[in-house]
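Notes follow the structure.
The values are calculated or read from the model by the stated rules, or taken from the named source; none is laboratory data. Not measured: the values here are computed from a predicted model. Glycine gets a Cβ as well: all are built from the backbone with ideal geometry, and neighbour counts include every protein chain shown. For the accessible areas, the whole protein counts, side chains as well, though only heavy atoms, and no ligand, DNA or RNA atoms are used. Shrake-Rupley method; radii C 1.70, N 1.55, O 1.52, S 1.80 Å.
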Amino acid sequence: FMGGVAVGTFLGLLFSKIIEIVDNDRLVEVTLTTILAHTAFLTAEHFLHVSGVMATVAAGLVLGSYGKTKISPPVHKHMETFWEYFAFVCNSLIFLLVGLSIDPSLFLANYQAILWGAVAILVARSAAIYSLFPVVHRLEGVERVSGAFQTVIFWGGLRGALAIVMALSLPPELEQKSFILVLTLAVVLFTLLVNGLTIKPLMTALGLDKYSLKESYERSQAKLLATQDAVQEMDAFSHQGAIQANVLDARKRAYQETIESLTEALDEFRHGDMLLEFKDESEIVLRHCLMIEKKQYEKLFEEGSLHEDNLRDLDHHIEIELDRLKEGQEVNPLKENPSLFGRLEELVLCNVGKLFFLTPLLRRYKTRKIAARYEMARARYIASDVVLQENEKMGRQGTVSSEAGQKAKEIYQELHDNAQLRMDTIRAEFPEYVEKVEGTILERFCLSTELETFQNLCSQGAISEKVMAEMQEQIDYQLHRMRTRPVEELLMPPVQLMQQVPCFNELKEDDLVRLASHLNALSFLPGEEIVREGAHGDSLFLIGRGQVDVSRTVQDKRIHMAHLKAGDFFGEIALLHPQPRIATVQAATPCTLLELSRGRLLPYLKNAPHLRKVLENAYQNRIQKTESASDFTPLK
């Protein structure tokens, strides 16, 4: 079992990477998924002698989660259609294969074992459901499942193709293979015919097919919205002149009566006998907003404006917020909930990056994170803007109360403002990068518009398929080149960074080049600690990009001492007069720093008296601020 899972996981990751390389070729990508299924089973079952079924299942799980974003967005629909049809064919073939492999007389010969098998699965299923749910319900944060739903889960435990495949995969020399096949197929047929055909009457008997109060409200809300949209489209349709005015008016009157009826029904939910609590209506509105937000992220990903790592994190965040909403907790859109893969990646790279020879790798990783932060802020800005517009539309149409709509508006307005602040911060600190990104987004939009026009012209017969294929190939190639983030724009050369610091202005270019060869360029994300109070170190840090906060502890209180920007420096106290750090410095924004150690900088100070004077003056000023730190306001 575990061997099969390991094989399937490895092959799922491998094929996900291969599919990522293919890029927008539906025939090749679909074919690769079929090869993955076959390869996983054969490799596990026949070469490594582990579970081929579990290898195939594991490969599918990996491809359906991690690999889902590797599949080109235009290919997703073709992939789903193909596998839906292929699953239907496979199910049919499996039952046909079993029918050809079994002598029907064996069913009668083993009827007692079959009856015992059917009873056994019902008893086992009931024991699992009714014994485990009470235990699970004791866990914190777990949604309670009612007794009626537990009964449906028990009775809905159908067996199917997977059990038959496992029975068919038994070696032919096994003496009891025919008996196992008969027993398996009989139990599968029992669950399909008995459990499957009676599940709907069971749900009706338990009252689970009836709408709850919230579901009835959502139904009326959806019908009102659909009816209003139909009336609006009807007006546009009538302008074509193919409908007589009296026919149009009659239909509009009928729809208007429906709108009035649905509006009264919604008012009844809010103020009548079937009173829907404000909390429940707010939950409905917020869930709707979260789903709009999620859909917008998927759209941005399909457009190429959102990379797969951010899509995974944002999707994970939406799922967490939906769970919080279901549990009656407040939605917190500003909180970031990175996925497990994202957290593991950050943990591994940050710890490995402490090794000095891997510092460039860590810097590049953090630089990618800065790029990802801007991309995520932009995505959340766009999504929250769309949600605010939809929320305003629902308010105008009367599908939600003003109170519930106002709560959602406040939440998403805060998200919108926060995302804009993050974008503005990165724009101010890294203008070249943002300009490059926005130029790429605009170019991608223009290319997509061109491609859509070519497709419309081809469908109308205005251009030949040969021309269409040529244009498609050219545009796809250009779009593929723009898939990666322009991280190089963030990696400014050390000499260029040093020129941003005023105290190096008088150094000759040759001195700058020599000095730059001895320094380390470091990147930090907001909130990261650069130096810690009391720690040992003799390096001077120059701020090339970004901003940092300087603070120290006085009488168990955090005292803010300074806010430094690009062009400033810190660490001169430990550099000129070796002693433990007297303050803690944290990155306030994404920033790029230059680190100069004492041993490498002091020789240059002999030939640059102005630089020594600047550092000595900064040293005296910092000491004075430190001595009067008790006058500063404690940090919040």
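General observations
- Here S216 passes the criteria (1) surrounded by 11 or more Cβ atoms within 10 Å (Cβ to Cβ); (2) under 21 Å from K393 (Cβ atoms) except the one numbered (2).
- For the range 132-194, the helices (runs of 4 or more DSSP H) that sit wholly inside it and include 2 or more residues that are within 27 Å of Y111 (Cα to Cα) and not hydrophobic (A, V, I, L, M, F, W, C) are 177-190.
- Of the criteria (1) assigned to a loop (DSSP other than H, G, I, E, B); (2) within 30 Å of E321 (Cα to Cα); (3) touching a Ser or Thr at 6+ places or on another chain (Cβ under 9 Å), which one I129 fails: (1)
- For the range 398-417, the criterion of being assigned to a helix (DSSP H, G or I), open to solvent by less than 40 Å² (accessible area, probe 1.4 Å) and of a type in the set (S, T, N, Q) is satisfied by no residue at all.
- In the condition set (1) surrounded by fewer than 17 Cβ atoms within 10 Å (Cβ to Cβ); (2) at pLDDT 85 or above; (3) part of a helix (DSSP H, G or I), F454 is compliant with all but (1).
- So M498, is it surrounded by 14 or more Cβ atoms within 10 Å (Cβ to Cβ), closer than 19 Å to L564 by Cα, touching a helix residue (DSSP H, G or I) at 6+ places or on another chain (Cβ under 7 Å) and modelled with pLDDT under 75: yes
- Every pair of residues 6+ apart whose Cβ atoms lie under 7 Å, when the first sits in the range 88-106 and is part of a helix (DSSP H, G or I) while the second is among the β-branched types (V, I, T): I94/I164; I94/V165; V98/I164; L106/V182
- Here L347 meets the list (1) assigned to a loop (DSSP other than H, G, I, E, B); (2) at pLDDT below 75 almost entirely, failing just condition (1).
- Filtered residues of the range 57-67 (kept if at pLDDT below 85 and farther than 13 Å from L14 by Cα): S65
- Filtering the range 549-565 to residues that are open to solvent by 40 Å² or more (accessible area, probe 1.4 Å) and in contact with a helix residue (DSSP H, G or I) (Cβ under 7 Å, 6 or more places away or on another chain) leaves only R552.
- The set of residues in the range 210-224 being over 12 Å from Y255 (Cα atoms) and in a helix (DSSP H, G or I) consists of L213, K214, E215, S216, Y217, E218, R219, S220, Q221, A222.
- Set D631, D538: member being of a type outside the set (S, T, Y), modelled with pLDDT of 70 or more and either open to solvent by 20 Å² or more (accessible area, probe 1.4 Å) or touching a Lys or Arg at 6+ places or on another chain (Cβ under 7 Å) (or both): D538
- Residue satisfying all of: in the range 575-594; under 14 Å from L540 (Cα atoms) and touching a His at 6+ places or on another chain (Cβ under 8 Å); surrounded by the fewest Cβ atoms within 10 Å (Cβ to Cβ) among these: P580
- Only one of the listed residues (G117, G67) is closer than 29 Å to F301 by Cβ, of a type in the set (G, A, S) and open to solvent by less than 40 Å² (accessible area, probe 1.4 Å). That residue is G67.
- Test: residue in the range 28-35 that is assigned to a helix (DSSP H, G or I), of a type in the set (D, E) and at pLDDT 90 or above: yes
- Inside the range 36-53, residues that are surrounded by 14 or more Cβ atoms within 10 Å (Cβ to Cβ) and in a helix (DSSP H, G or I) make up a count of 11.
- Inter-residue pairs, beta-carbon under 6 Å, first farther than 12 Å from V550 by Cβ and in the range 569-592, second among the aromatic types (F, W, Y) and buried (at least 18 other Cβ atoms within 10 Å of the Cβ), 6+ apart: C591/F524
- Every condition in (1) more than 25 Å from D476 (Cα to Cα); (2) loosely packed, with under 11 Cβ neighbours inside 10 Å is met by K77 except one, and the failing one is (1).
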